[in-house]
Structures are given as structure tokens and as C-alpha cells.
1. Please note which strands (runs of 3 or more DSSP E) are completely contained in the range 239-346 and include at least 1 residues that are of a type in the set (Phe, Trp, Tyr), under 15 Å from the mean Cα position of the chain (by Cα) and within 21 Å of Pro139 (Cβ to Cβ).
2. Give me a count of the residues in the range 213-223 that are of a type outside the set (Val, Ile, Thr) and either free of Cβ contacts under 8 Å to residues at least 24 places away in the same chain or closer than 30 Å to Ala314 by Cβ (or both).
3. Of the residues Ala314, Ala332, which is in contact with a Phe, Trp or Tyr (Cβ under 8 Å, 6 or more places away or on another chain), under 28 Å from Trp111 (Cβ atoms) and surrounded by fewer than 16 Cβ atoms within 10 Å (Cβ to Cβ)?
4. Quick one: how many residues across the range 113-149 are among the hydrophobic types (A, V, I, L, M, F, W, C), touching a strand residue (DSSP E or B) at 6+ places or on another chain (Cβ under 6 Å) and either part of a loop (DSSP other than H, G, I, E, B) or over 20 Å from Glu300 (Cα atoms) (or both)?
5. Please enumerate the residues belonging to the range 78-104 that are assigned to a loop (DSSP other than H, G, I, E, B) and either within 14 Å of Leu186 (Cα to Cα) or aromatic (Phe, Trp, Tyr) (or both).
6. So if I check each of Asp279, Asp230, which one is touching a residue at least 24 places away in the same chain (Cβ under 8 Å) and surrounded by 19 or more Cβ atoms within 10 Å (Cβ to Cβ)?
7. Which pairs have Cβ atoms under 7 Å, sit 6 or more apart or on different chains, and link a residue in the range 196-212 that is surrounded by 14 or more Cβ atoms within 10 Å (Cβ to Cβ) to one that is of a type in the set (Phe, Trp, Tyr)?
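The values are calculated or read from the model by the stated rules, or taken from the named source; none is laboratory data. Nothing here was measured: the structure is a model prediction, and the numbers come from that model. So basically every Cβ, Gly included, is an ideal-geometry build from the backbone, and we count neighbours across all protein chains shown.
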Amino acid sequence: MKNKSWISLRNTSCLLGCSLIIASVSAAETGYISPLNEFGAPDLQGTWSLATQTNLERAERFNGVLVISAEQALQIEARVQARNEASNQPSDPNREAPTAGRNVGGYNTFWMDPGERLAVVNGEIRTSVLVDPDDGKLPYNEQGRLNFAAAMERRQSYDGPEVRPLGERCMVGFGSSGGPPKLPVLYNNNTQIIQTESYVVLLAEMNHDARIVRIGAAHQDPSLYPWLGDSIGYYEDNTLVVVTTNFHSQQGMRSSLEHRFYASQQMEVTERFTRTAQDTILYQFTVNDPENYSQLWSGELPMTQNAEQVFEYACHEGNYALPGILAGARRAESEDADYAATDSNQ
């Protein structure tokens, strides 16, 4: 993705009162100057939300189009709001029991907070986080498609805790919520940014995943593969640039309801955090993973300031649900029954 004069974003309400859109104009036009912290670096501290209805990849219904009109966005957002309102209605106490053997679900809508609006960058209402490739699709190569399919197949296994998704085990958050790249998920989309002179901490609300970025440092020994990878960073004018590689072997599959992709341990992700308004950070990233992809792929979306603090994420390794999941699988095997369809993406 080429360097540009990136855009500042502001919240405005729709004239029809139906939609809140993150509008954007250039920093040059507004005269916005990013504040500096006590160390002379751009001040990015605070709590920021990535919640949006814009997914990583572009849905087929958009026919490859990245930017849609305000009228189209209103229709999409109105459907989301109507669905949420219907889901939030009290449950019918006289409803029939769910079908035997089917997945009865684990959440109601109260717990979900994926956002109701599409993301807007540079005044454009976006249909995908991905901006490169132009079609908004992940550019898998043949090996990448095989790796992705194998990882999806492993997710259907219940042989032991080690084969279950990391979010289900409370090891790291679901999907790529902790990053990199950081992507929106079904809930807990807040990230607290904390800065010192030598470090930046990116604390995701989801699972309290804390990524510690070492400023001006070199990567650690490549034999070390920490959760969330090894992140180093530097400041480029008003932008924090973070480069991450050497990922844990179990973090290859990133899967949620909003995004799903496979990555190698040697994937390199370059992130850019630019404060473009008092209440907005423009988040950009580029992924380099030649083992799985035929080219680099890049995305961007706004992070909006949240005056609230991050919530406690009361999930821990060995949580009580996991023995129940495995016990249910053993019961199904003893009865020679099929497993209920899993929906552990979130």
C-alpha cells in the first residue's frame, strides 16, 4: 500500500437519524496536529474500539466494490439494527425445546457487541477492511489453501484440549483480536494503548491479550515464538510503526465470525497507528507471508476513542466449559453418534 497523507475521521450523524457514520477529512484540511506525550512521541494512549460491521474480506454481494454510497450503507445498517432489536426481545417461555443433537448455542445477543456501523476511511464507506488486493479477497497460494483447509479440519476434532481453538481454551482471544493484524470480533473490541519511553503496550480487552512493543529494539532470537509474536516498533513522524514476526506455532489459524485466515510462524506484519483526530486513530497493516499467500495483503480501519475502561475478561486456561466439551464428545463416541455441529469461531 502506497504512503499517503492519511485521513482524520470524525463522528457525524446521518441526516435521517438512522445511522452514525465515521466521517473523514484530511488532517491538512482540519489543521489537526497529533499531541505529543512527555517523551516527545505521538500520544496514542487511551481506550480505542475497532467495532464495525465491516469484515476483513469483501462479501460477494458487493461484486468486488470497495466503496458504497451512504444510501446503501443505511440499508445495511438498518438491517443489522432490526436484527439486533429482534434478538434482544424476551425469550418465549412457551417455546419448544431445541432439536435433539443440535448445537443450542452459547450466547444471547446481550453479550455481543460487534458494532452496528460500516467503517469509513477517507470519506469512503468501506465494504471490507482489505484494500489490497483490489478484490478484497485473501490472496492464498496453493500451499496456503491446503494449510487453511487442514487447520479448519483440525478444528472439528475433540480428541483433547490441545486441538480445540485457542479462544475456547482461553489461551489468547478469538480470531485476531490481539493481532497482529488487529481485527474486529463479536465482542470485546476495545484496546487500551499504554506508552512509556521504551515500550508501547497494546492491551486487548478480549482475553486481556497484552502485546508489548519494544521501541527502537531488534527482534529476539528467532527460536523464540511468543503468543502474539515478537513486536518491535519505532516512530515515523506522527505514526507508531510496529513490525511483528516469529509467531507461536498454535496461532496459525485466526478464526472468528468476522474474519478467518491462516498464517505461518514467519509471517511478518507491519502496523501503522496514526492519530488523525482527537477521537480517532487510523489503523493500517500489511501482511507478508509468502508461505501462504501469493502477494502482500493490506487493510485499514478506524479505531475510535472510548471513554470507558476495558472490562474484565473472566476466562482462564482450564475453564470449566472445556471438560464439558470433551465429556460430550466422549459421550457421543460411546453412543456412536455424530457430534453436534460446532460454532466455536467466536
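1. On the way: elements: 239-245, 253-255, 260-262, 268-277, 280-288, 297-305.
Counting at least 1 such residues, we get 260-262, 280-288.
2. Number of matching residues: 6.
3. Details: Ala314 fails: in contact with a Phe, Trp or Tyr (Cβ under 8 Å, 6 or more places away or on another chain).
One residue alone meets the criteria, Ala332.
4. Looking only at that region, the number is 5.
5. If the condition is that a residue be assigned to a loop (DSSP other than H, G, I, E, B) and either within 14 Å of Leu186 (Cα to Cα) or aromatic (Phe, Trp, Tyr) (or both), then no residue fits.
6. Details: Asp230 fails: touching a residue at least 24 places away in the same chain (Cβ under 8 Å).
None of the other options fit; the residue is Asp279.
7. Correct list of pairs: Glu205/Phe311; Glu205/Tyr313; Met206/Phe174; Met206/Tyr313; Asn207/Tyr313; His208/Tyr313; Ile212/Tyr199.
This table checks each residue for (1) of a type outside the set (A, V, I, L, M); (2) in contact (Cβ under 8 Å) with a residue 60 or more places away in the chain; (3) out of contact with any strand residue (DSSP E or B) (no Cβ under 7 Å at 6 or more places or on another chain).
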| position | (1), (2), (3) |
| --- | --- |
| Ala151 | no, yes, no |
| Leu166 | no, yes, yes |
| Pro181 | yes, yes, no |
| Ile194 | no, yes, no |
| Asn238 | yes, yes, no |
| Val241 | no, no, no |
